[in-house]
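Reading through the structure tokens given below for one structure.
The values are calculated or read from the model by the stated rules, or taken from the named source; none is laboratory data. Every value quoted in this text rests on a predicted model; they were computed, and no experiment measured them. We place every Cβ from the backbone using ideal geometry, glycine too, and count neighbours over all the protein chains shown. Only protein heavy atoms, including side chains, enter the accessible area calculation; ligands, DNA and RNA are left aside. Shrake-Rupley method; radii C 1.70, N 1.55, O 1.52, S 1.80 Å.
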Amino acid sequence: MKFDQHPRPFPKCLNTPRKHSIRFGHSVLLLVFLLSSPISHASDSLRVIDPIGKMARLFNRQLVTIEDRVEWMEKRLSSIAQHREHAMKVSLGVRCGRLSDTGPDPSVTIDLGAIHSLDSLFLVPTQREFLEDTGLFPRRFTIELASQQDFGQRTVLFASDAFAFPAPQGKPVRFVADGREARYIRITVHQGHHKGTRDVFGLSELVAVSKGDPVSFGAEVSTVGALSVAGIWHPEALTDGHTPLGTWQSNTVGSSRGDCVTSGSASETVSWTLDLNQPTPVDRIVLFPYQLTELVESSVLPESFTLHATTADGETEALAYRWETPLSGANRLTPLIIPMKGLPVKRLRFTGNLPWQMGDLRVHAIAELEVWSGGLNVARGLKVTRHPSSGQVASVSTLTDGFANGREIIAVVAWLNQLHERWRLEQELEVLRPLSHRMASASEFNATWGSAAMLGLSFLIPVFFVERRRIQSRNQLDQLRRRIASDLHDDIGSNLGSISLIARTARKDLVRLNGPVEVADDLGEVESIARESSLAMRDIVWLLERREDSIGDLVKRMRETAGRLLREIDYTIECESTKLAAKLSLDAKRHLFLFYKEAIHNILKHSRSSRVSIRLWDEQDRLALEISDNGIGLPNDPHQRPASVQKLTDRARVLEGVLNVRSAKGEGTQIRLTIKRSLLIAHPSLP
């Protein structure tokens, strides 16, 4: 059994104790020598370019090795699939528990339908109610494989030890099967969570992989101790491919979005026909939802559609699948998988019988169509013919080009592997980043003393006491800030999370019991406000964090904020500044970040834009930030502009920066803020 969750531990010799780096004056000769000796292998993100930092790395190759490793991992993370959790309303997965004190351990059993040689097994956690929630992933459990239903002869793939399994934080967990043959997979949970019932656990999806291809989609699921809620928690949801992790896409950007047809009435239908050219045994069909860029959080498929398949003789067409949305008007944030179980097919016809509708907008839309046979997508590159009930027949190439909603589609197994790799790399980075900082501090401390010895003790002793006093004062202030941030995070964050959880649970109960729609909407508003307040509080905690107060840290936070707020808008962030290591004052960091966040909120609320561009660069001794969009623009009359524009002006005035706003009706808005870098680094207290 192999479970590749944790990175390999580093040798004990790298666990250097923490020491404070004490900086002293440097002689001119020392500066000339060290500045002429560049370090060629250290990480740009961690490397200190001052002379003491260079000297420290000259004599500590382990530090350079760790910094190189961190740099490689950060580049790797930027190239693999992103992990994003989406809130689902239906088909959340399977949930089981111990129904009585003397009852059996809860379990789920999957029948793959045939014996397969398994490569690996993925367990996808259920969605978390809020970011700090640990979820329902089982704590202690056993995974068994068998070829017979009675598990008389079985193989133990994984068995928990006495310690609880670490919470995967929403990431898929991979178990390596090494080619073991099995038809049945059983997961027995010995210790779960207490949620009104003992040993409760939940899983969103189980994906079994054989010869690089998933073989568990549509598999039969049986349970012991199921806590089912119709349409929300049910055994079939464990193998339907519906997860909170979103769509199987990489970071590669393209222009193809799919096919979207506007309907004049709810009775209009649209059919898409795909000819496979020859009879092909089809394992599964995958439909990717279409994202409406005009609306936030809107990924849609037709509310109702049918699939007809023409069999091998090329003449007989029969109904193969019928689908209706379980919740009208809801978003479809993950692909829809249709198991076909090897049915020989020559031609497929999808008919959207009921369009997705919001207000007066009615659309039949699909982003991508995949037909899988023997581990290959045989639909890739084939033409699709669209037959609307009114209008002309058209040939569509964007439904089989490998792109959906502007991003490249990758195979589901490759996508899960990348998400698992991201989790492993992030765990390793959590260990290496503080370790590299400690080693750098210790090395710079030693290098500082070596340099100080050349200048003479008479010069160093007074400087030492002054610097030590300054560091002690700063540490006391840091401790106070960390204590305040911890209180905010633990107390208020916990309360907001509880409010969000209670509101969501109550809203689900109202929907299930057909309660008043107005009350359900109010509860949804409470949940949304609590979630947004929790995110705003996390920004406040970040603003209080001294360890993340460089321009580079600000840029990283800007990327995270854009990824969260602009996820439905095409956006780019370019940082061309060469002063990323420069430290910001607390007030400058706060006002600059709030200026950026206010500008992004303005775009979301007022601009109706589909593309946003964000740039940060140097203009001589100034730092420039530009945010532009292709939206409707601002009114020409300053008195008619939103009050939020005046807030941007006030932020710029506090930062003593120059704000230029260029806008024309229908041509978008460009906001540019330039600030002297000296005001950001050593700025007086701001109101």
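Rolling a 1.4 Å probe over the protein chains gives W272 an accessible area of about 10 Å².
Remark on T252: its backbone amide H falls under 5 Å from those of E408, a criterion applied only to residues 5 or more positions apart or on other chains, H modelled at 1.01 Å from N.
Where in the stretch 649-677 does the amide nitrogen come within less than 16 Å of the point 7 Å from the Cα of H601, taken along Cα to Cβ? Output list for this probe position: 649-652. The stretch between R61 and V229, if pulled fully straight at 0.36 nm per residue, gains 54.7 nm over its current Cα-Cα span.
With a 1.4 Å probe rolled over the protein heavy atoms of all chains, the accessible area of H308, H437, H364 falls in the order H437, H308, H364, largest first. Sequence-ordered 3J(HN,Hα) estimates for the stretch 152-158 from the Karplus curve with 6.51, -1.76 and 1.60 and θ = phi - 60° stand at x, 10, 10, 10, 7, 7, 8 Hz, glycine and proline given as x. What a 1.4 Å probe finds exposed on the stretch 122-262 is 47% carbon and sulfur by accessible area, rounded to a whole percent. Can you give me the Cα centroid spacing of the stretch 110-147 and the stretch 407-423 in angstrom? Using only Cα atoms, the two centres lie 17 Å from each other.
Using a ≥ b ≥ c from the Cα gyration tensor of the stretch 156-243 (square roots of the eigenvalues), is it rounded, prolate or oblate, where a/c under 1.5 gives rounded and otherwise the larger of a/b and b/c decides, a/b for prolate? Oblate is the answer for the stretch 156-243, as a/c is 1.5 or above yet b/c matches or exceeds a/b.
Label-to-label distance, L99 versus S390, with points set 7 angstrom from Cα along the beta-carbon direction: 5.4 nm. Once the Cα-Cα distance is subtracted from the 0.36 nm per residue extended length, the H86 to R672 segment shows a gain of 207.7 nm.
A simple spin-label model places pseudo-atoms 7 Å from Cα toward Cβ; at E525 and E560 they are separated by 3.1 nm. Structure note, pairs K171/K605; K75/K597; K171/K589; K75/K589; K89/K171; K605/K647: Cα-Cα distances above 21 angstrom occur for K171/K605; K75/K597; K171/K589; K75/K589. How large is log10 of I(q)/I(0) for the stretch 592-674 at q = 0.12, 0.13, 0.21 Å⁻¹ when the intensity is taken from the Debye formula with one equal scatterer per alpha-carbon? The Cα Debye sum returns log10 ratios of -0.32, -0.37, -0.98. FRET efficiency for the pair L327 and A582, taken as 1/(1 + (r/R0)^6) with r the Cβ-Cβ distance and R0 = 41 Å, rounds to 0.25.
Heavy-atom accessible area for E315, with the other protein chains in place and a 1.4 Å probe, reaches approximately 150 Å².
Taking all protein chains together, I529, I232 sort by accessible area into I529, I232, largest first [probe 1.4 Å]. Seen from R98, the other residues with C-beta closer than 10 Å to its C-beta sum to a net charge of -2, counting Lys and Arg as +1 and Asp and Glu as -1.
The slack in the chain from Q620 to E317, taken as 0.36 nm per residue of separation less the alpha-carbon distance, amounts to 102.1 nm.
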